[in-house]
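What follows is a short report on a single structure.
The values are calculated or read from the model by the stated rules, or taken from the named source; none is laboratory data. Here the structure is a predicted model, which is why all the values come from computation and not from measurement. FYI the Cβ positions are ideal-geometry reconstructions off the backbone, even for glycines, and counts take in every protein chain you see.
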Amino acid sequence: MKKALYLLAGLAFSAQWANAQSLQEAYKDYFRVGVSVNQWEVKAEKEIKEGISYSGAVSLDQTADYEQIAQHFGWVVPENCMKCEVIHPQEGVYDFTLADQLVDKALANGQQVIGHCLIWHSQCPPWFFVDEEGKQVSAEVLKKRMRDHIFTILGHFRGRIVGWDVVNEAFEDNGSLRRSKFYQILGEDFIPLAFQYAHEADPTIELYYNDYSMNKPAKVEGVVNFFRPLVAKGLPIHAIGMQGHMIYGDGDYVQQYTHSIKTIASIGLKSQFTELDLTMLPNPFGFSGANISDQAAYKKAMDPYQDGLPKEKQEQFDQFWLDFFQMLIDNKENVLRATFWCFNDAKSWKNDFPIKGRTDYATLWDRQSKAKPTVQKLIDMAESLEKKNKKEKKSNKN
């Protein structure tokens, strides 16, 4: 009987620990923990509005989720409302409505905000690159538009946003520069120019480069080799972001990202994981990356878990994140942040990418916004490590 009482007491302690702890608290001594936020988690809408992207809008009122978001994540990144097509849809026209709502709510909940993103070839309105006659603009015109865009946005959020993804996805997977409109008009100079403008606009904030497929040696080495001489000359850049859109079973991500972190550290920069998720569905065509223009046709064989993720798959999911977070801990001196992309499975963009209409399980919370076992296991791992460290310190003193 006494043994049973001890067991119940232990369970009660575990439950109390689960209620008292959070991901951000558990890993505060290692790295920042964040998540992306959509506008419906910030403020409910009554109806669909013309001209607004509704990716992730499983409901126009997702505000009930924000309590858990604020509990577990100290850093938030907007999914769409700060991208150029939303915040700067026409030349000289800015719309900060959704972005202001997000920033205000985050700050009210004691969170820090990362801006995403200033210069990106995708989700950039066509006017940015053409004149009134539809002809491609000159290099000088594009430089002015970039500068005005960056100065206006950073000026608006000065003192409220602590860091920005300045340039997003400027490299191909082979490590070469993407031939985007920015590149076609300005060449590779558009990248250091963007960082220069951002630093001039607000020298108090952190500035980042961000890209996908950064587990691939050719890509991370191409990015690092590009930034190496710029960093040596004093380019104002604080970290390189690796998105981390991963597919279960498609490689040894722990080993690959360990190499990437060390490669980035070789030029004196920290790494950060900016858009973490893990798809448990079959890979349709050996696909990797996050190029949103890549799509495949729907096939039922590629959508095997419509009624729920099998227990075995959930256990594999849990173990993957335990191994991944252990890798982050092992490299904590060179890791700035770990941010997940989308709060729960229902909202995850992976349901529609690279195959539209699938049922994926890519986040740490299920479709009903209930934390998966993964969350508590990650918290427990950090607590166990903390106890181990304290024990070792005490032993060393003796």
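Among the residues of region 137-177, those that are crowded, with 20+ Cβ neighbours inside 10 Å, of a type in the set (A, V, I, L, M) and closer than 23 Å to F273 by Cβ comprise I161, V166, V167, A170.
In the set (1) acidic (D, E); (2) closer than 20 Å to E79 by Cα; (3) modelled with pLDDT of 95 or more, the condition left unmet by D352 is number (3). Here the condition is being in contact with a Leu (Cβ under 8 Å, 6 or more places away or on another chain), at pLDDT 90 or above and within 30 Å of D330 (Cα to Cα); of V37, V42, it holds for V37 alone. Residues that are in contact with a strand residue (DSSP E or B) (Cβ under 7 Å, 6 or more places away or on another chain) and more than 30 Å from G74 (Cα to Cα): does region 165-177 have at least one? Looking through region 165-177, at least one residue is in contact with a strand residue (DSSP E or B) (Cβ under 7 Å, 6 or more places away or on another chain) and more than 30 Å from G74 (Cα to Cα). Of all the criteria given as (1) surrounded by 13 or more Cβ atoms within 10 Å (Cβ to Cβ); (2) closer than 26 Å to Q256 by Cα, the one not satisfied by L309 is (2). The conditions of being over 28 Å from R178 (Cα atoms), aromatic (F, W, Y), modelled with pLDDT under 95 and part of a loop (DSSP other than H, G, I, E, B) are met by Y298. The single condition among (1) at positive phi; (2) surrounded by 16 or more Cβ atoms within 10 Å (Cβ to Cβ) that Q123 does not satisfy is (2). How about region 82-100: which of its residues are of a type in the set (A, V, I, L, M) and in contact (Cβ under 8 Å) with a residue 40 or more places away in the chain? Hits for region 82-100 are M82, I87, L98, A99.
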